[in-house]
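Report on the following structure.
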Amino acid sequence: MAFDYQPLWLSLQLAFITTILLMVIGIPLSSLLAFRTFRFKSVAEAVISLPLVLPPTVLGFYLLIAFSPNNFVGRFLQNHFDIRLVFSFPGLVVGSVIYSLPFMVHPLQAGFQSLPKALREASYSLGKSKIQTLLKVILPNMKPSLLTGIVLTFAHTIGEFGVVLMIGGNIPGKTRVASIAVYDEVESLNYHAAHIYSIVLLLVSFFILLFAYGLNKKFFKAGLNG
Amino acid sequence: MINISIRKKLMMAEGACDLVINTKIGTGELTAISGKSGAGKTSLLRMMAGFLKPESGFMKTEEEVWLDIENKIDLPVQKRNIGFVFQDPALFPNMTVKENLQYAAGKKGDKQFLNQLLEMVGLTSLADRKPAELSGGQQQRVAITRALARKPKLLLLDEPFAALDNEMRRYLREELLTLHRKFGLTTLLVTHDLSDIYYLADKVLVIDKGEIIKSGNPNQVFANNTIDGKVQLQGEVLNTYKSGVVYIVEILTGNTIMKLVVGEEEKNTLHPGMKVLVTSGAFEPVISLLS
């Protein structure tokens, strides 16, 4: 039987899309948490951190219930947007975004908080808007945090199993990502394929992290010497 | 002329305190804001910049209303056209000296003006360096220059020399005065350093516990009355002792220790650590306490 590369490809796609979406969501969200105080902030922080401690199956179970066309959210999406999130790739993306949210938000929030307030204020006093300040001053000076957020989100999404299995199932070409494929192949006693998926996942994860630490070291040096 | 009338509740180390300021800042003047730490100096400056919002009051320049709480006007800091210099230089670490200035000036910025600024403060050779490569004094010079890159009319400085050594302090003081005059700025300087005030300020506001307790030119404010003397030196009493039939007071001014002869009564009012003004009149020196 020829080896099926589809699950690996699907894993990469899922991780890539999730990371992009989480950057878009994570930057404003974490800057809000870092710079503002508002009511129920602790509640918001607790909710964002939940995926860190919650068994992925629990999160997956609730998402499965919510997305089911028999329930309000699922029905609403199906009737108004013709979107069905259960057992579909878009459903995996939504699940992954929620599941990896703390991995993007926490490093970014720490990064935002580590920058002196005077940097922002100096930029405002020079007539620059909040967006200009964010893009030109804040983000370029927290590259290590950005990189950490991106890498952790990417790697964490690739390694995702429980949530994906619960809401995506195991549909080849659609929701059968590499981590699921490993499980599936082992179950069918097809150890050869399981080995290939596993070693690829292992190497990919290792090199992503190696790359990130290497780059962070460079940033650190650059910060000291210009 | 900037017309200020504001009230703001501040949380101080000793508890809550109302900052109540009613004053006018003269155009083209260099005004020093002085007072103990925690008196509300920085808060006043931050309210002028628009970083902090008072509970009531107004702030008006000749052309614009910056703040009028009653009429719900509060111009954001971006629109007040000010230059602000922090105690920490707060240079953008990702940009070179030149890029810091260019960012400040904006895309339509006057390149020639920036080069002129760099040259004036002797930073041309450092233009392509990142802030981390500069000394503390150089960084603060860049910060002052950057604050001027947008050609503001009002320059606000919050203890800009506090982290610098004496020599650098004197040097930057000189430079600030040159820039202030050259560009016809209205400048507000928060400082608790008497020599800054004497050297730089046209006018000084002394704030204590949220109120302006004195204002006027530095001589009027810090000497108890106007003294007409040929030389005035401010200094600190180091020591007093008896020598034969007279009493000697040692006073530190700058890096020099003066020994002056005083009477017993005067000796008893002078104690080590006191800030004093030594006025050398035509006949004999007069030592008066600075408050």
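In this structure, the pairs whose alpha-carbon distance is over 20 Å, taken from A:K117/B:K60; B:K98/B:K153; A:K128/B:K151; A:K130/B:K53, are A:K117/B:K60; B:K98/B:K153. Region B:122-155 and region A:1-80 have Cα centres lying 45 Å from one another. Along each principal axis, taking the top coordinate minus the bottom one, the Cα set of region B:231-289 gives 27, 26, 18 Å in descending order. Scaled against 2.2 N^0.38 Å for its residue count N, the alpha carbon radius of gyration of the protein assembly as shown is 1.36.
With N counted as the residues of region A:1-44, its alpha-carbon radius of gyration over 2.2 N^0.38 Å works out to 1.91. Whole-Hz Karplus values for region A:41-51 come out as 4, 4, 5, 4, 5, 5, 4, 4, 7, 3, x Hz, taken residue by residue from phi with 6.51 cos²θ - 1.76 cosθ + 1.60 and θ = phi - 60°; glycine and proline positions read x. Among the chymotrypsin sites (Phe, Trp or Tyr not before Pro) in region A:2-91, those located in a DSSP loop and surrounded by at most 10 other Cβ atoms within 10 Å of their own Cβ are A:F3, A:F38, A:F40. A simple spin-label model places the labels of B:S56 and B:E14 2.4 nm from each other, with each point 7 Å out along Cα-to-Cβ. The relative contact order of region A:46-159 comes to 25 percent, based on Cα pairs under 8 Å that sit 6 or more residues apart.
The alpha-carbon atoms of region B:171-291, seen along their principal axes, cover 56, 32, 24 angstrom, with the largest extent given first. A cut-off under 9 angstrom between Cβ atoms defines the neighbours of B:M47, and their net charge, with Lys, Arg +1 and Asp, Glu -1, is +3.
When DSSP beta bridges are limited to those with both residues in the protein assembly as shown, what percentage is antiparallel, rounded to the nearest 5? Counting only bridges with both partners in the protein assembly as shown, antiparallel ones make up about 75 percent. Annotation note: GluC sites (Glu not before Pro) in region B:165-269 located in DSSP loop regions with a Cβ neighbour count of at most 13 within 10 Å are absent. Based on alpha-carbon atoms, the Kirkwood radius and the radius of gyration of region A:6-225 give Rg/Rh equal to 1.03. Close amide H pairs (under 5 Å, H built 1.01 Å from N) link B:M12 with B:C17, residues at least 5 positions away or on another chain. For region B:91-138, a reduction of at least 20 Å² in accessible area between the chain on its own and the assembled protein chains (probe 1.4 Å) is found at B:F92, B:P93, B:N94, B:Y103, B:A104, B:K130, B:A132, B:E133. Across chain B, the volume of the C-alpha convex hull divided among the residues equals 155 Å³ per residue. Leaving ligands and nucleic acids aside, the B/A contact buries around 1800 square angstrom of accessible area in total at a 1.4 Å probe radius. Take every Cα pair under 8 Å whose residues are at least 6 apart in sequence, average their separation, divide by the length of region A:6-225, and the relative contact order is 30 percent. Remind me, relative contact order of region B:2-222 in percent, using alpha carbon pairs under 8 angstrom and six or more residues apart? Relative CO of region B:2-222 lands at 29 percent.
Placing pseudo-labels 7 Å out from each Cα toward the beta carbon at A:S49 and A:F87 gives an inter-label distance of 3.8 nm.
Computing the accessible area with a 1.4 Å probe over protein heavy atoms, can you report the carbon and sulfur percentage for the protein assembly as shown?
58 percent
Surface exposure of chain B, expressed per residue as accessible area with a 1.4 Å probe, stands at 50 Å². Per residue of region A:157-166, what does 6.51 cos²θ - 1.76 cosθ + 1.60 with θ = phi - 60° give for ³J(HN,Hα)? Whole Hz please, x for Gly and Pro, Karplus curve as stated. Computed from phi, the couplings for region A:157-166 are 5, 4, x, 5, 9, x, 4, 4, 5, 5 Hz.
The amide H of B:G216, built 1.01 Å from its N in the peptide plane, has B:V204 as neighbours under 5 Å, considering only residues 5 or more places off or on other chains. For the pair B:N219 and B:A162, label points projected 7 Å from Cα toward Cβ lie 3.1 nm apart.
The values are calculated or read from the model by the stated rules, or taken from the named source; none is laboratory data. Because the structure is a prediction, the values reported are computed rather than measured. In this analysis, Cβ positions are derived from the backbone assuming ideal geometry, glycine residues included, and neighbour counts consider all displayed protein chains. The accessibility values were calculated without ligands, DNA or RNA, using every heavy atom of the protein model including side chains. Shrake-Rupley method; radii C 1.70, N 1.55, O 1.52, S 1.80 Å.
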